[in-house]
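Read the figures in this text as sums done on the coordinates, not as results from a lab. Computed from a prediction, not measured in an experiment: that's the story for all the values here. We place every Cβ from the backbone using ideal geometry, glycine too, and count neighbours over all the protein chains shown.
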Amino acid sequence: MIKKIISIFKCSEYIIFSYFFVFYPFFKDNGNQVFSLSWFSIIITALFCYWLILTSSQDRQIPVPLKKISLFNSTVIIYTIITLIVVFVNMLFWTFLSNILNVVDIKAIIFDLKITNFGQGICLVLQIASVAGFEELFFRQFLPLRGKTILHIVRLKNAWVEKHYFKIKMVIVEIVPVLFFALGHVYLGIIGFCNAFIAGIFLRMLYKKAHSVIPGFIMHTVYNLILISVSLL
């Protein structure tokens, strides 16, 4: 009975989180509200990050504990830099393509922000970092790990799932989180969707290489900081 309740809770958590952070943003139509310079939103995002860390640990599938990750691992550093470059090239490609095709929706690239004092600048940096941290924890860690856990539960009770386990696992653990990451950026326009889909693939590869969200978090934060800084010029 207890195991059944825990299984229902895990499935419900997966569905509810996916709805609010993937499908709900799908209906938003204003890319300029991504960063609202709100200290309250930073606190809420940080709390969600803490919850994702706790709930992911319940799946007992995290390859390497965060405390064992060396930020000075040369291989991880190289992969992080390469991922950052690839993501920027990817963004520039879709921007160039949108100009060729005369697509006017470029909300994924330009954010209408006005920074008038030092406090607002600090708030923006912290908000960018908190959002990047949440997205790495949610799309690169929570969704794959929880999806794998749910699939394992279903596998024990369904012969068809058992037979096609590895194919279904590839879809649930690898493809769905990347697709959800892209769908979560649809409100930024077609550029945002395409850019997020390709970026999601490389960020997932970085996570699997580093066995940690930390390199992806750093890369994601730097990427958004540069992007926003350019839009403020």
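For Gly184, the amide hydrogen comes within under 5 Å of no other amide hydrogen, counting only partners 5 or more places away or on other chains and with H modelled in the peptide plane. A cut-off of 5 Å between modelled amide H atoms, ignoring neighbours fewer than 5 places along the same chain, links Ile115 with no other residue.
In terms of surrounding Cβ atoms within a 10 Å radius of their Cβ, Phe134, Phe139, Phe166 rank from fewest to most as Phe166, Phe134, Phe139. Cross-link pairs exceeding 21 Å in C-alpha to C-alpha distance, out of Lys10/Lys208; Lys4/Lys163; Lys148/Lys209; Lys10/Lys157; Lys163/Lys209, comprise Lys10/Lys208; Lys4/Lys163; Lys163/Lys209. When each of Trp51, Trp39, Trp94 is scored by the number of other beta-carbon atoms lying within 10 Å, the sequence from fewest to most is Trp39, Trp51, Trp94.
Placing a label point 7 Å from the Cα of Thr95 along the Cα-to-Cβ line, the residues of region 193-207 whose backbone N sits under 16 Å from it are 193-196, 199. Between the beta carbons of Ser231 and Asn117, assuming R0 = 25 Å, the FRET efficiency works out to 0.85 to the nearest 0.05.
Using the Karplus equation 6.51 cos²θ - 1.76 cosθ + 1.60 (θ = phi - 60°), what ³J(HN,Hα) coupling, rounded to whole Hz, does each residue of region 190-195 give in order, writing x for Gly and Pro? Each residue's phi maps through the Karplus curve to give 5, 5, x, 5, 5, 4 Hz.
Taking the fewest neighbouring Cβ atoms within 10 Å as the starting point, the ordered list for Met170, Met205, Met91, Met219 is Met170, Met205, Met91, Met219.
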